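A short write-up of the structure that comes next.
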Amino acid sequence: MRKADSKRLSLQLTRRNYSLTARRGTGIWLGAIAAACAVAALAAAGFALQRSHEDARKLDTLCAPPASEQTLREQLAHAQLALEQGAATRAVLEQRVAEVTAQNERLQTDLAFLKKQHKPD
């Protein structure tokens, strides 16, 4: 090779040592990190939304308006009527039990008398 040719630019490019470099490495890592952050942000937002709904339900039950006075009066009247009906039913049943007990005693007495009369001597 001639000495003049060795100084040419095209020959100098071919005699250098070249190595492979990662061109897409940093871009892929940055994209993966951004995707992971986005997924974490979505998960956190979902959790926060669910928690918010639970807290709202709890507050709704705590902050519910009190029952109106008319509603309370109606409930009281209904409870008093049920109590009176229960007391009347109990009284009727106690009277019936007393009548049946008395009738049972009479029948027992009649049965004992008839057994004595029927006894063969």
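The values are calculated or read from the model by the stated rules, or taken from the named source; none is laboratory data. Keep in mind that what you see is a predicted model, and the values were worked out from it rather than measured. Please note: Cβ atoms are built from the backbone with ideal geometry, for glycine as well, and neighbour counts cover all protein chains shown.
Across region 95-105, not a single residue is classified as at pLDDT below 85 and part of a helix (DSSP H, G or I). Quick check: is even one residue across region 43-61 over 23 Å from the mean Cα position of the chain (by Cα) and part of a helix (DSSP H, G or I)? There is no residue in region 43-61 that is over 23 Å from the mean Cα position of the chain (by Cα) and part of a helix (DSSP H, G or I). Note on region 107-121: residues that are loosely packed, with under 10 Cβ neighbours inside 10 Å, among the charged types (D, E, K, R) and either touching a residue at least 40 places away in the same chain (Cβ under 8 Å) or in a helix (DSSP H, G or I) (or both) amount to 2. Residues that are out of contact with any Gly (no Cβ under 6 Å at 6 or more places or on another chain), among the charged types (D, E, K, R) and at pLDDT 95 or above occur in region 73-91; there is at least one.
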